[in-house]
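Values in this text are rule-based calculations from the coordinates and carry no lab data. For clarity, every value in this text was computed on a predicted model and none was experimentally measured. Here the Cβ positions follow ideal geometry from the backbone for every residue, glycine too, while neighbour counts run over all protein chains shown.
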């Protein structure tokens, strides 16, 4: 699993291949890889606490933040091994039964510290390199990129993604002031560490047009984002730029 969202339990329940297969508390999930310590990436871990053995992967920074919060001690270390990976170094992912045939290369992405840490250092909401990362996931000679949170496109990130066969990318908001206009929040997308899909020359649609990515899929889409409505002009515009919007049960083969 890449991240464990708050609705991870529901995702597991509605995905038959992830049901117990050998014993009442068996789980096919052998490893979880985290890209940040944001609540929407780690809260689902608490649904995986019932003596289920798996390996939890993250940067030293992210694993350290989980260690600081005693609620995550519910992931019994007798069953859940925690392993750290370094940025910009290929790491073979090991699950509870050994190597999984997958390798990741983690890389820093512009983002922000988790919401629950904002009061610790308000002057440095951008955090450190290990706070927000993307992943290149490789197996069997194929690879894809997974970037669920990104505050802006940098030349380094563009170079990494250019020509990719498949990119899953942050599709949180359509416009930067979306939540403000709807009266839901006082924070803009930029303040929350997210690029906007329709953000002009710096928006996701525009910057990816020049990256020659074969298949592009929006993930981490907020419920306010009109791109979710398949009959909306926003959805049509995203499709015109070659984007898909992820949906429950979606399967992709490379």
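The label-point distance for residue 236 and residue 81, in a model that sets each label 7 Å from Cα toward Cβ, rounds to 5.4 nm. Taking the number of Cβ atoms within 10 Å of each Cβ as an exposure proxy, the fewest-first ranking of 116, 54 is 116, 54.
Evaluate the relative contact order of region 212-253 (contact order divided by residue number), counting alpha-carbon pairs under 8 angstrom at least 6 apart; express in whole percent. If you can, show how the numbers build up before the last one.
Details: 28 pairs, mean separation 18.6, N = 42.
Worked out over region 212-253, it gives 44 percent.
Annotation for residue 116 and residue 89: the two label points, set 7 Å from Cα along the Cα-Cβ direction, are 2.8 nm apart.
Ranked from highest to lowest mean number of other Cβ atoms within 10 Å per residue, what is the order of the peptides 143-151, 11-19?
Numbers: 143-151: 21.8, 11-19: 12.3.
Result, highest mean Cβ count within 10 Å first: 143-151, 11-19.
With R₀ set to 30 Å, the beta-carbon distance separating residue 25 from residue 139 gives a calculated FRET efficiency near 0.65.
For the chain, the share of DSSP beta bridges that are antiparallel, to the nearest 5, is 45%. In terms of other Cβ atoms within 10 Å, 142, 187 run from fewest to most in the order 142, 187. Packing here is the average count of other Cβ atoms within 10 Å per residue, and on that basis the peptides 134-141, 241-248, 195-202, highest first, run 195-202, 134-141, 241-248.
Based on Cα contacts under 8 Å between residues 6+ apart, the chain shows a relative contact order of 12 percent.
Its Cα gyration tensor gives the chain an equivalent ellipsoid; the semi-axes, largest first and in whole Å, are 29, 21, 19. For region 1-129, place one equal point scatterer on every Cα, skip the solvent, and apply the Debye formula. What is log10 of I(q)/I(0) at q = 0.09, 0.14, 0.17 Å⁻¹? Listed by q, the Debye log ratios stand at -0.27, -0.64, -0.93.
Based on the Cβ-Cβ distance from residue 185 to residue 7, what FRET efficiency comes out when R0 is 25 Å, to the nearest 0.05? If you can, show how the numbers build up before the last one.
Working: r = 20 Å, r/R0 = 0.81.
Calculated value: 0.80.
Using alpha-carbon pairs under 8 Å, 6+ residues apart, how would you state the relative contact order of region 141-254 in percent?
Values: 197 pairs, mean separation 31.2, N = 114.
Relative contact order comes out at 27 percent.
Multiplying the residue separation of residue 124 and residue 152 by 0.36 nm and subtracting their alpha-carbon distance yields 8.4 nm.
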